[in-house]
1. How about the stretch 1-26: which of its residues are more than 21 Å from residue 77 (Cβ to Cβ), assigned to a loop (DSSP other than H, G, I, E, B) and touching a residue at least 12 places away in the same chain (Cβ under 8 Å)?
2. Report, by residue number, each residue of the stretch 177-199 that is free of Cβ contacts under 8 Å to residues at least 24 places away in the same chain and either part of a helix (DSSP H, G or I) or loosely packed, with under 14 Cβ neighbours inside 10 Å (or both).
3. Being more than 20 Å from residue 33 (Cα to Cα) and touching a residue at least 24 places away in the same chain (Cβ under 8 Å) is the filter here, so list the residues in the stretch 70-107 that pass it.
4. Can you work out which of the residues in the stretch 89-104 that are surrounded by 10 or more Cβ atoms within 10 Å (Cβ to Cβ) and not in a helix (DSSP H, G or I) is farthest from the chain's Cα centre (by Cα)?
5. Give me a count of the residues in the stretch 27-68 that are in a loop (DSSP other than H, G, I, E, B) and either in contact with a helix residue (DSSP H, G or I) (Cβ under 7 Å, 6 or more places away or on another chain) or at pLDDT below 95 (or both).
């Protein structure tokens, strides 16, 4: 991959999109992970205003530390960036007290955390007339659908959604992202036990990338080993169950004959 050319291409695309929208800049949630670190840096390189939000919800101290370290690095290197900490722990607690206890299973509340962050990003974006920048990569957004619908999937534009996870890491190194972020195990930060993405999915991102490329190439499964077959099974399961996130919302089309008369 021509890393620096890809960086320039995305930065130009971001700047042009923002200019055509008539809005001032970008709002982005910075989690302490590689995807948000790369995306926020790309937004910063446009020269337009950037609000980088750290939004802890009873967060693991290590994740919050990486988030704040990256935001501080952005502020030191890009005068157009302003970091903001919006602690959402009390707001989340209010939801826990409001929602019936019997619906508060682990996945429901993890997704609620993500949707609370989306609400916060759009509050800042609306007030400051900015765009919410998404941080999803290709294998997450279009492979396994590993994101929250109307949570971290609720964005205005997706700068890195055509890049595999490995390519995002390439960009991160070229952009000077902190090694602690590059070396940290990927996690969505939505669970109290700090579980990793790999533990939730059952496969590494490298394996998922292989599976996605194998599927796109319509490869022959006859020669695959046991682990490769298992990874394909995992990929297909996630892709099928999360297809509703990747496709437009279905609309019930009413025949003209029923609308008339």
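1. Correct list: 1, 23.
2. Filtering the stretch 177-199 for residues free of Cβ contacts under 8 Å to residues at least 24 places away in the same chain gives 179, 183, 185, 193, 195-196, 198-199.
Of everything in the stretch 177-199, those that are free of Cβ contacts under 8 Å to residues at least 24 places away in the same chain and either part of a helix (DSSP H, G or I) or loosely packed, with under 14 Cβ neighbours inside 10 Å (or both) turn out to be 179, 183, 185, 193, 198, 199.
3. Initial filter on the stretch 70-107 (more than 20 Å from residue 33 (Cα to Cα)): 79-80, 90-107.
Listed by number, the residues that qualify are 80, 91, 92, 106.
4. Here the residue is 99.
5. Our first condition is that a residue be in a loop (DSSP other than H, G, I, E, B); within the stretch 27-68, this holds for 30-33, 45-48, 55-60.
The next check asks that each one be either in contact with a helix residue (DSSP H, G or I) (Cβ under 7 Å, 6 or more places away or on another chain) or at pLDDT below 95 (or both); those that pass are 30-33, 45-46, 48, 55-60.
Of the residues in that region, 13 qualify.
The values are calculated or read from the model by the stated rules, or taken from the named source; none is laboratory data. For clarity, every value in this text was computed on a predicted model and none was experimentally measured. Reconstructed Cβ throughout: ideal geometry from the backbone, glycine too, with neighbour counts over all protein chains shown.
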